[in-house]
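For reference, the structure discussed in these notes is given below.
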Amino acid sequence: MTETPTQYPDSEPSDGIRIGVYVCHCGLNIAGSVDCEEVAKFAAALPHVVIAKDNRYTCSDQGQELIKQDIKEHKLNRLVVASCSPRLHEPTFRRTCEEAGLNKYLFEMANIREHCSWVHLHEKGKATEKAKDLVRMAVAKATLLEPQEENVVPILRKTLVIGGGVAGIQAALDLADTGYKVYLVEKEPSIGGRMAQIDKTFPTMDCSICILAPKMSDTGRHPNIELLTNSEVEDVKGYIGNFKVQVLKKPRFVADECTACGDCSKECPVTTPNEFDIGLATRRAIYTPFAQAVPSTYIIDRDLCLNKENVITCDKCLKACEREAIDFEMKPETVELEVGTIVVATGADVYDPASLVEYGYKKFPNVITSLEFERLINAGGPSGGHLLRPSDMKIPKSVAFIQCVGSRSEKDGHLYCSNVCCMNTIKDSLLIKEHWPETRIYVFYVDIRAYGKGFEDLFKRAKKDGVLFIRGLPAEIIEDRKTNNLWLIGENTLQKELYKINPEMVILSIGIEPRQDSDVIQRLLTLSRTSDGFFMEAHPKLRPVDTPTGGVFLAGCAESPKDIKDSVTQASAASARAGILMAQGKVTVEAITPRLLAEKCQVCGLCARVCPYNAIAVDKETKRVDLIEAACAGCGTCGAECPFEALTMRHFTDEQILAQIEAATEQDADKKIVAFCCNWCSYAGADFAGVSRMQYPTNVRIIRTMCSGRVAPKFIEHTFARGVGAILVSGCHLGDCHYLNANYQTQKRIEKLWKKMERLGLDKNRLQLAWFTAAEGEKFASKIKEMQSIVDSVTLDEIEKSKVIVKRTAR
Amino acid sequence: MPLRLWRKPLDSEKIKIPEGEVHVLKDRCKGCGFCIEFCPKEVLEQSEEFNIKGVHPPQVKEETVCILCSFCEAVCPDFAIFSVKKDCKGGC
Ligand SMILES: Cc1cc2nc3c(=O)[nH]c(=O)nc-3n(C[C@H](O)[C@H](O)[C@H](O)COP(=O)(O)OP(=O)(O)OC[C@H]3O[C@@H](n4cnc5c(N)ncnc54)[C@H](O)[C@@H]3O)c2cc1C
Ligand code: SF4
Ligand code: SF4
C-alpha cells in the first residue's frame with residue numbers, strides 16, 4: 001500500500017462536515033493511466049476534506065479496514081471513494097460505512113476506472129486532470145449528502161398467478177406447496193393452456209396431456225390454491241407486498257354441483273366450431289372445452305345459447321341435468337384480492353399465416369398449421385388420431401413441413417426465432433413415421449436449431465427414418481385443382497438448384513407471438529415490453545424472471561417463446577423469487593424517493609401526470625398531494641417536472657446535482673462536455689465502454705441520475721450558464737426505460753429546450769440527446785467523439801452569449 | 001394476428017341436431033305475435049293472409065332451422081301452434 005502523507009486543510013471545517021477521500025489504484029488498472037497520488041493530494045486540498053489517501057486496492061479487506069479506522073479516528077462523517085463504477089462496488093463501500101457506524105447514504109463514489117483510466121489509457125496527464133474533476137464532483141455532492149432511513153414495507157404472504165398454462169400451473173403449485181396462498185386466474189373456462197392442445201412433446205415424445213392432466217388436477221384440488229377460471233384481472237392497485245387486485249369472475253351458468261356427465265350437452269340444439277380443436281370439431285352451447293378440463297364443470301356460452309337475457313326459450317339442458325346444476329340467473333362477480341406478489345404467466349398466441357398469401361392458408365384446404373396438426377394427430381382429437389386431409393378425409397402419402405412461418409422474417413411476421421418450431425416439426429415428422437412409415441416427408445427450413453438436451457438425437461432419428469430436410473423455403477404454394485395436392489416451388493440453397501415438389505398435404509410451422517391483449521396486463525402492472533412485444537425482464541442475465549415492477553415476476557411464453565421445460569423451469573424460478581420476498585415478509589426500499597415540501601406545493605398535479613407508477617395522488621379538492629412511497633421507484637421525473645421545487649429527490653437533490661455541475665465546470669468549462677447518464681442504460685453503457693477499453697476524448701464529465709427523467713431543464717440551463725462547451729443527456733432507448741416511460745418526459749423536455757435555444761438564437765447542437773443500452777459502449781464512445789467536434793467548433797463568443805442569455809431567461 | 005377459427009369441423013356431418021316441424025292452426029290465432037317474437041331461431045314471420053278472426057297468423061319462414069325447443073307452443077295463449085320432431089324419411 002502506498003500512502004501519501006496525509007494532508008489536512010488548515011482549519012477545522014466550520015459546518016462540521018468531515019470528508020474522507022480514498023483514491024484507489026486498482027493495481028495498475030487505474031494507476032496505470034492516472035497519477036493516483038496526485039489525485040489524492042488534490043483531494044486533500046478540497047473544502048471539507050479532512051483526510052485523503054490513495055491505496056492499491058480500496059475494496060480489499062485491508063482497504064475497508066483502513067476506511068473504518070479513519071472514520072472513527074478522524075470522526076469522518078462523509079466518505080468518497082474514487083475507484084470503479086458504483087454499479088460494481090457502491091454496495092461494498094456502503095456496507096463499510098454501516099460497519100463503521102456511518103449512515104450508508106453518506107457515501108459517494110467517483111468512477112475513475114470505467115469512466116477514466118480505462119478509456120484514456122494513453123493520456124496520463126489528461127486522465128489525471130479528469131480524475132481530479134471527478135473527485136471534485138464527488139466531494140461537492142458528498143458535502144450535501146444527508147443520512148437517510150430506508151422504508152420497510154411488509155409483504156403479504158399471498159400470490160396472484162395470472163394465466164393457467166403449464167407455467168402458471170407450475171408456479172402456483174410450487175408456491176402453494178411452500179405454504180403460500182395462491183390465487184390462479186385463468187381467462188378461459190379451463191386451465192391447461194397450449195400444452196393441453198399438444199399431442200406429444202419433444203424431445204421425449206411424452207403424451208402431453210398425460211403429463212399435464214395430473215398437474216392440472218393437483219392444482220384444482222390444492223388446499224392453498226383458489227382457482228378463478230373464466231376470469232380476468234380488471235384492476236391492480238398498490239405496490240410490492242401489498243397489491244389490491246380486482247378480478248372479474250364471469251358466470252359459467254353451471255354450478256359446482258355439475259359432475260361433468262355431459263347429459264346436458266347431448267341435448268343442446270346449437271353448435272359452433274370448438275376453440276380447443278381450432279375449429280376442427282364441433283361443440284355445443286353447453287360444453288366442456290376438453291375431456292381433462294379443470295375445473296371439469298361445464299359452461300354455457302351465452303352468445304351461442306338460445307336463451308337471451310331473461311327469456312328462457314330453450315330448457316333442454318335444464319331438463320337433462322339431473323343434478324340441477326344449471327342456473328341461468330348467475331351473474332358476473334367482482335372478487336377483491338389482496339396479494340403480496342404476482343406471477344405473470346399469460347403465455348403467447350400463435351401466428352396466423354393467412355397474411356402470407358403465397359402459402360395459401362385458408363384458401364387451400366390441405367395447407368394446415370402445426371397447431372392444427374397437433375389436434376389431428378391426437379388420438380382424442382377430432383380425427384381420432386388420423387392425419388386426415390381436410391379436402392377428402394384421406395391420409396396423405398406425402399407431406400411437407402415449412403419452417404419459420406411468421407418467424408425470422410424482415411418482411412412478414414416477426415424478426416425473432418420462435419424457439420420451438422424446429423423441434424416441433426421434427427417431433428411431428430417422427431409421429432407420422434410412427435403411424436404411417438411409408439409417408440414421404442419433406443422439411444423445408446432456413447436453419448435447423450436443435451440446440452437443447454436430447455434435441456440433436458431426435459433430429460438424427462428423423463433423418464435416419466428418412467425425413468428429407470431441404471434448405472430453402474418454398475417461394476410459393478400452388479394448388480392442383482383436381483387433386484387438391486400442392487405444388488411447392490423454391491430453391492434448395494445448399495445445392496443451388498430449383499425444386500418443385502408435389503405433396504398431398506402441407507404443414508406450416510407457425511411461430512409464437514405475444515398475446516394480442518398483452519397491453520392490458522402491461523398497463524395494469526406497469527410492465528415493459530421488448531421490441532418483440534414480449535414482457536421485459538429486469539435484467540436479461542441476472543434477473544431473468546423479475547420485472548422492473550417490484551413484486552411482479554414472469555414465467556413461460558409471456559416473457560419470450562420457449563418450450564415446456566424452459567417454461568416450467570422459469571415458473572419454478574419465479575415462484576422462488578416471489579417466495580423469497582414472502583418468506584422475508586418485508587422489504588426495504590432504497591431511500592431515493594421524493595419528499596414533498598408541502599409549503600411550496602401548489603397542488604398543480606404536474607408531478608402526478610408524469611409519474612410512470614401512479615405513485616402520486618393529487619386531490620385538488622382537499623388540496624392534498626400524497627406520495628405513495630412503496631409504489632415509487634425513484635426515477636425522479638416528478639422532481640424534474642415540479643415548477644415550484646416542492647419535491648426533493650432524496651440522494652439526488654437539486655442542490656447535489658447543481659453542486660456536481662459547478663464542480664465539473666469549475667475549470668475550462670468551454671472545453672468540456674457534461675453528460676447526464678441514467679443509472680441503468682447509458683451510465684452502464686459508458687461502463688461497458690470502459691470495460692471494453694474503448695478510447696474517447698477525456699473532456700467528458702458524467703453525472704449519474706437514476707433516470708434521464710430526473711434531468712430538470714434547470715440543470716441544463718445552469719450548465720450552459722456555467723459556460724460549458726456541450727451537454728449530453730442520455731438514457732435508455734425509448735420503450736426500454738427502466739422506469740417504464742419516464743424517458744419520454746426527457747425527450748419532451750429536451751425538445752422544448754431545443755426550441756427555446758433556437759428562439760434565443762443559440763446553437764442547439766450543443767445540447768445532445770442520445771439513447772444507449774447497457775451494451776452500447778461503442779455507441780457511447782462514438783457519441784463523445786462526435787460531440788468533441790461540436791465542442792471544438794463552439795466559439796468563445798457563442799459560449800459567452802449563451803451564458804448571458806441563459807442566465808437572463810432561466811426560470 | 002393470432003389464429004382465427006375458420007374450418008368446417010370434421011364432425012359437422014355427424015353431429016345430430018334435433019329438427020322440428022312447426023304447425024300453425026291458423027284460425028285459432030288471434031295475432032298476438034308472441035311466437036314470432038320469442039322464437040330463438042327466428043323461424044316464424046307474419047303472413048299476409050287473414051284468418052277468420054281477421055288477423056294475420058304466423059307462417060314458417062325457414063323451417064330447416066327449427067331445433068324443436070317448442071317455445072312457440074309454450075308461449076301461445078291460444079294453443080294455435082305446435083312443433084313436432086321432423087319426419088326423417090329423407091334422412092336427417
Ligand atoms: C404448435 C406448437 C407445438 C408445441 N410443441 C411443443 C413440444 O412438443 N414440446 C415443448 O416443450 N413445447 C412445445 N410447444 C411450446 C409450449 O406450448 C409452450 O412452451 C407452453 O405452452 C408455454 O406455457 P405457458 O404457460 O407459458 O403459456 P400458455 O400455454 O400459452 O398458457 C397461458 C395461459 O394463460 C391464459 N391467459 C392469457 N392471458 C390471460 C389473462 N390476461 N388473464 C388470465 N389468463 C390469461 C391463457 O388462456 C392460457 O391458459 C409448442 C407450441 C406450439 C405452438
Ligand atoms: S338452454 Fe342453451 S345451453 Fe341449454 S340446451 Fe338450450 S341452447 Fe343449449
Ligand atoms: S420518483 Fe418517479 S416513480 Fe417516484 S413519484 Fe416521482 S415520478 Fe413517480
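Numerical summary
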item: Residues of the range A:246-277 satisfying the condition of being within 16 Å of ligand 1 (Cβ to nearest atom) and out of contact with any Pro (no Cβ under 9 Å at 6 or more places or on another chain); result: A:Q246, A:V247
item: Unmet requirement for A:P269, which otherwise passes all of (1) within 13 Å of another protein chain (Cβ to nearest Cβ); (2) free of Cβ contacts under 8 Å to residues at least 12 places away in the same chain; result: (2)
item: Which numbered condition A:D517 misses (of (1) free of Cβ contacts under 8 Å to residues at least 60 places away in the same chain; (2) within 14 Å of another protein chain (Cβ to nearest Cβ); (3) under 23 Å from A:Y359 (Cβ atoms)); result: (3)
item: Residue selected from the range A:77-106 under the condition outside any helix (DSSP H, G or I) and out of contact with any strand residue (DSSP E or B) (no Cβ under 6 Å at 6 or more places or on another chain), by the criterion surrounded by the most Cβ atoms within 10 Å (Cβ to Cβ); result: A:C84
item: Qualifying position, being out of contact with any Asp or Glu (no Cβ under 6 Å at 6 or more places or on another chain), farther than 26 Å from A:A140 by Cα and at pLDDT 95 or above, among A:L740, A:L734, A:L753; result: A:L753
item: Single residue of the range A:758-773 satisfying the filter (assigned to a helix (DSSP H, G or I) and without any contact (Cβ under 8 Å) to a residue 40 or more places away in the chain) that is farthest from A:S789 (Cα to Cα); result: A:R759
item: Residue count, the range A:498-552 (criterion: among the basic types (K, R), part of a strand (DSSP E or B), under 25 Å from A:V420 (Cα atoms) and more than 16 Å from ligand 1 (Cβ to nearest atom)); result: 1
item: Among (1) without any contact (Cβ under 8 Å) to a residue 12 or more places away in the chain; (2) surrounded by 19 or more Cβ atoms within 10 Å (Cβ to Cβ) - the single one A:G360 does not satisfy; result: (1)
item: Residues of the range A:357-380 satisfying the condition of being in a loop (DSSP other than H, G, I, E, B), at pLDDT 95 or above and more than 9 Å from chain B (Cβ to nearest Cβ); result: A:G360, A:Y361, A:K363, A:F364, A:N366, A:N378
item: Answer from A:D277, A:D315 - the residue that is within 14 Å of chain B (Cβ to nearest Cβ) and in contact with a Gly (Cβ under 7 Å, 6 or more places away or on another chain); result: A:D277
item: Residue in the range A:347-362 that is within 30 Å of A:K586 (Cα to Cα), of a type outside the set (A, V, I, L, M) and either within 16 Å of ligand 1 (Cβ to nearest atom) or not assigned by TED's automatic domain parsing to the domain that holds A:A172 (or both) present; result: yes
item: Filtered residues of the range A:38-70 (kept if free of Cβ contacts under 8 Å to residues at least 60 places away in the same chain and either farther than 21 Å from A:H89 by Cα or over 43 Å from the mean Cα position of the chain (by Cα) (or both)); result: A:K41, A:A44, A:A45, A:V50, A:I51
item: Filter pass, A:V350 being more than 16 Å from ligand 3 (Cβ to nearest atom), surrounded by 15 or more Cβ atoms within 10 Å (Cβ to Cβ), more than 14 Å from chain B (Cβ to nearest Cβ) and of a type outside the set (S, T, N, Q); result: no
item: Residue match in the range A:405-421 (condition: in the same structural domain as A:P474 (by TED's automatic domain parsing), surrounded by 18 or more Cβ atoms within 10 Å (Cβ to Cβ) and over 29 Å from the mean Cα position of the chain (by Cα)); result: no
item: Residues located in the range A:291-347, provided they are part of a loop (DSSP other than H, G, I, E, B), surrounded by 20 or more Cβ atoms within 10 Å (Cβ to Cβ) and more than 10 Å from ligand 2 (Cβ to nearest atom); result: A:A293, A:V294, A:P295, A:T297, A:A325, A:G340, A:A345, A:T346, A:G347
item: Which numbered condition A:I225 fails, given (1) surrounded by 17 or more Cβ atoms within 10 Å (Cβ to Cβ); (2) closer than 29 Å to B:E13 by Cα; (3) of a type in the set (A, V, I, L, M); result: (2)
item: Residue that is nearest to A:V294 (Cα to Cα), among those in the range A:253-271 that are within 9 Å of ligand 2 (Cβ to nearest atom) and in a loop (DSSP other than H, G, I, E, B); result: A:F253
item: Any hit, the range B:7-25, residues being aliphatic (A, V, I, L, M) and within 30 Å of A:V405 (Cα to Cα); result: yes
item: Of the criteria (1) under 20 Å from A:R194 (Cβ atoms); (2) hydroxyl-bearing (S, T, Y); (3) within 13 Å of chain B (Cβ to nearest Cβ), which one A:T288 fails; result: (3)
item: Residue within the range A:547-559 that is surrounded by fewer than 21 Cβ atoms within 10 Å (Cβ to Cβ) and away from chain B (no Cβ under 14 Å) present; result: yes
item: Only one of A:V587, A:V520 that is surrounded by fewer than 23 Cβ atoms within 10 Å (Cβ to Cβ) and touching a Gly at 6+ places or on another chain (Cβ under 7 Å); result: A:V587
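Rundown of residues vs (1) under 30 Å from A:E257 (Cβ atoms); (2) of a type in the set (V, I, T), yes/no style:
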| site | (1), (2) |
| --- | --- |
| A:N307 | yes, no |
| A:N310 | yes, no |
| A:K316 | yes, no |
| A:K319 | yes, no |
| A:E338 | yes, no |
| A:T341 | no, yes |
| A:T346 | no, yes |
| A:D392 | no, no |
| A:C404 | no, no |
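The values are calculated or read from the model by the stated rules, or taken from the named source; none is laboratory data. All of these numbers come straight from a predicted model, not from anything done at the bench. Positions of Cβ are backbone-derived with ideal geometry, glycine not excepted, and every protein chain shown enters the neighbour counts.
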